[in-house]
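Peer 1: My questions all concern the structure below.
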Amino acid sequence: MPAFKRIMDWTLLLLAVFGSGMASADLYRYIDDKGVTVLDSRVPPQFISRGYEVLDSQGRVKLVVPAAPTAAEREANRAALEAQKAQDTADANLLRLYSSTADLERAQSRQIQQIENQITASKASIEDLQSEREELQRRAAQAERAGRAVDPDVLAELAAVDSETARLQRLIGRKRQEIAETYGDFEQQRERLNFLLDDE
């Protein structure tokens, strides 16, 4: 009889232990292949990457395990990290160059002035070329009026003058565009610098 009692005592103890463990066991909620929400004592391996929730015995969510990122999401995250790194580097350079917007304004004025000086020099060169062209045309006209063939060297010089004039005109056009782009670039830098200085 005592042996029977000991067996019963152990049986009751085991039931108490395992019974309480089962009562407090977690449940897992996940979505299966058919899009159905499943509650189970475990998550099948093929569904783990989709994410799941861990619920306590009262049905309360204890933990949310997010779905593993897709290849596209991983690439987007990588690109975002690289963009942030580039922005941090640009911000550091901006703060190193300019301690205030007044510094930036002075830098803008210097850069614009340099470009305008190049435009002014190109215009002066075009005026010199026009004077040279007029002289070459005068010599060619004299030869024609005298009934002589125009010197080939004069014609070659005229062609060279016209080519150089066209090149300088294109350069002026590019420099004017550069001025517009410079204003735009400095405006973006001004906005970012104001943001960084305010943030400090």
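The values are calculated or read from the model by the stated rules, or taken from the named source; none is laboratory data. From a predicted model like this one, the values you see are computed outputs, not experimental measurements. Neighbour counts are summed over all protein chains in view; Cβ atoms, including those assigned to glycine, are modelled from backbone coordinates with ideal geometry. For accessibility, only protein heavy atoms count, side chains too; no ligands or nucleic acids. Shrake-Rupley method; radii C 1.70, N 1.55, O 1.52, S 1.80 Å.
Peer 1: May I ask you to say which residue of A107, A140 is within 30 Å of A92 (Cα to Cα) and surrounded by 13 or more Cβ atoms within 10 Å (Cβ to Cβ)?
Peer 2: On the way: A140 fails: within 30 Å of A92 (Cα to Cα).
Just a single option satisfies the conditions, and that option is A107.
Peer 1: Are any residues in segment 37-51 surrounded by 11 or more Cβ atoms within 10 Å (Cβ to Cβ) and of a type in the set (S, T, N, Q), and if so, which ones?
Peer 2: S49
Peer 1: Looking at L155, is it outside any loop (DSSP other than H, G, I, E, B) and over 30 Å from Q113 (Cβ atoms)? Even if it seems obvious, please write down each step before you answer.
Peer 2: Values: outside any loop (DSSP other than H, G, I, E, B): yes; over 30 Å from Q113 (Cβ atoms): yes.
In short, yes.
Peer 1: Among residues belonging to segment 113-133 that are acidic (D, E) and under 10 Å from V161 (Cβ atoms), point out the one that is nearest to the chain's Cα centre (by Cα). Don't jump to the end; show me each part of the working.
Peer 2: Applying the first criterion (acidic (D, E)) to segment 113-133 yields 116, 127-128, 132.
Next, only the ones that are under 10 Å from V161 (Cβ atoms) stay: 128, 132.
Details: D128: 46, E132: 50 Å.
Among those that are acidic (D, E) and under 10 Å from V161 (Cβ atoms), it is D128.
Peer 1: Could you figure out which of (1) more than 30 Å from E191 (Cα to Cα); (2) of a type in the set (V, I, T); (3) loosely packed, with under 11 Cβ neighbours inside 10 Å; (4) at pLDDT 95 or above isn't true of V54?
Peer 2: Condition not satisfied by V54: (3).
Peer 1: Against the conditions (1) of a type outside the set (G, A, S); (2) open to solvent by 100 Å² or more (accessible area, probe 1.4 Å); (3) modelled with pLDDT of 95 or more, where does E200 fall short? Just the number, please.
Peer 2: (3)
Peer 1: How many of the residues making up segment 163-186 are open to solvent by less than 80 Å² (accessible area, probe 1.4 Å), free of Cβ contacts under 8 Å to residues at least 60 places away in the same chain and charged (D, E, K, R)? Outline the logic, then answer.
Peer 2: Going through segment 163-186, the residues open to solvent by less than 80 Å² (accessible area, probe 1.4 Å) turn out to be 163-166, 168, 171-173, 175, 178-180, 182, 184, 186.
Remaining after also requiring free of Cβ contacts under 8 Å to residues at least 60 places away in the same chain: 163-166, 168, 171-173, 180, 184.
Narrowing the set further to residues that are charged (D, E, K, R) leaves 164.
Residues in segment 163-186 being open to solvent by less than 80 Å² (accessible area, probe 1.4 Å), free of Cβ contacts under 8 Å to residues at least 60 places away in the same chain and charged (D, E, K, R): 1 in total.
Peer 1: Are any residues in segment 61-99 open to solvent by 80 Å² or more (accessible area, probe 1.4 Å) and of a type in the set (S, T, N, Q), and if so, which ones?
Peer 2: If the condition is that a residue be open to solvent by 80 Å² or more (accessible area, probe 1.4 Å) and of a type in the set (S, T, N, Q), then N77, Q84, S99 are the ones that fit.
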